[in-house]
Amino acid sequence: MNKAKKAPSKSASNSANPTDKHGNASKTTRRVPTHHASPANRKPVLSIIDDTLAPRSGQQRSPTASKKERQLQGILDHSPNLVFVKDPAGRYLFVNRRFEDVFHLTREQIIHKTDDELFPPPQAAAFRTNDRKVFNAGTPLEFEEVALHDDGAHTSIVFKFPLRDEDGQPYAIGGITTDITDRKRIEQALRESQARLALALEERQRLDADLHDNIIQMAYAVGMGIEQSRRLLNQDANAADETLKAALTHVNQVIADVRSYIQRQDPLRLRGDQLIATLTEFIQTLQPVHGLKFTLQMDPGATQHLTDEQSIHLYCMAHEAISNCFRHANARNGTLSLQAYDASIRLEVEDDGIGFDNCHAMVHGHGLENISMRVLKLEGQLQIESMPGRGTRIIIDIPLRKRKPEHPYLPTKASRPMA
């Protein structure tokens, strides 16, 4: 060094050959307390590392080299990032001022200490594991590490790299730590905001589908009932009165359902036979108006296997499909079937009406789009068989054990003519 060596400290003067606590020969590095010395008296980082790891007897540094080291020392001490150097055994050889400030330790308390002596065991183990990865790889690596600060855990990106001697052998590992805690918090807040937005959009989509498949269809049934009452009024007053009573019942149900939607409650609670009874009543309301004769093939046992969510979706899908038969199919006969199989529940709605083009209907048909969405949520399968002039058949399979669908909508290539 270009400066004369100062007298040994008290700890070093007790023995002609001083040793550290590990029994090793003490290093020639002189450490000056960070907060009690001027920057000019602080040991430059390159001198500290070189003197500690590979001291060269009799070798003096030029004034130019010492100046460069002091410049580097100043740069590192003013860096907002934590900078450190460790030997292969994990002992700290250098830390910058930011490292000392963050962990409230002086350089004297850190140098020659390992992570195990400075940090909690899990934190120290993670640091040491990443250090070994760099030594083993022999190349710079980047890690995301967590360290405890005064205000809690902080996450940092740590860039670690091997330092090599003149022979190219790694003799130390350097590290530069960039605190990304604020960024992680912002990212977490963004994820939570996106999750809330997705939930709101999903709720809006569900409400849109429920209003279309339930409220609108029920209102349509009410309108059909009133129309039928008008026709019967001059023919059979009693029949007209019964039809109006049924329409009034449906109006009250619509009001109750709307009120439930406003209160953010699910208006439908369909379990067991109640699902079959509700669908049967809906068909009976529409049948006299259109003259479409529906045959019901309902297995009471099938509904016992359904969850509340499956029952609601199944009801809404059947509601939509049945309503389409009455409003658009111009059919004479229809069939509603609900059957249980080993691993699924199958709902089928079939009519012998005018049919439609599958591709056109899926693009422009809001009702079929809702059915497809509900099938996807239930991880089921939807199959639509229809051709112009040959009727329509909708098949919905709901798994009793959840499984991923190959695709929620699988139109058949060869449509089956209706009888």
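Quick rundown of the values:
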| item | result |
| --- | --- |
| Length added when fully stretched, Lys245-Thr335, from 0.36 nm per residue minus Cα-Cα | 29.8 nm |
| Proxy reagent accessibility, fewest Cβ within 10 Å first, across Thr295, Thr249 | Thr295, Thr249 |
| Point-to-point label distance, Lys293-Glu187, nm (Cα→Cβ direction, 7 Å offset) | 6.7 nm |
| Separation of the Ala343 and Asp208 label points, Cα + 7 Å toward Cβ, nm | 3.4 nm |
| Kirkwood Rh in Å, taken over all unlike Cα pairs in segment 84-161 | 12.9 Å |
| Value of D in µm² per second that Stokes-Einstein yields for segment 275-329, Kirkwood Rh from Cα pairs, at 25 °C (0.890 mPa s) | 204 µm²/s |
| Additional length obtainable on full extension of the chain from Lys67 to Thr178, 0.36 nm per residue less Cα span | 37.2 nm |
| Label point distance in nm, Ala256-Leu163, each placed 7 Å from Cα along Cα→Cβ | 7.9 nm |
| GluC sites (Glu not before Pro) restricted to segment 111-215 and DSSP loop, no more than 12 other C-beta within 10 Å | Glu166 |
| Largest-first principal axis extents of the Cα set of segment 179-261 (Å) | 85, 16, 9 |
| Sequence of Tyr171, Tyr341 once ranked by neighbouring C-beta atoms within 10 Å, starting from the fewest | Tyr341, Tyr171 |
| Karplus-derived 3J(HN,Hα), 6.51/-1.76/1.60, for each residue of segment 312-317, Hz, glycine and proline x | 5, 5, 5, 4, 5, 5 |
| Value of Rg to Rh for segment 134-211 (Rh from inverse mean 1/r over Cα pairs, i.e. Kirkwood) | 1.36 |
| Exposure proxy ranking, count of Cβ atoms within 10 Å, fewest first, for Tyr220, Tyr315 | Tyr220, Tyr315 |
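A short reminder: the numbers here are calculations on the coordinates, not readings from a lab. Here the structure is a predicted model, which means the values were calculated and not measured. All Cβ positions, even for glycine, are placed from backbone atoms using ideal geometry, and neighbour counts span all protein chains on display.
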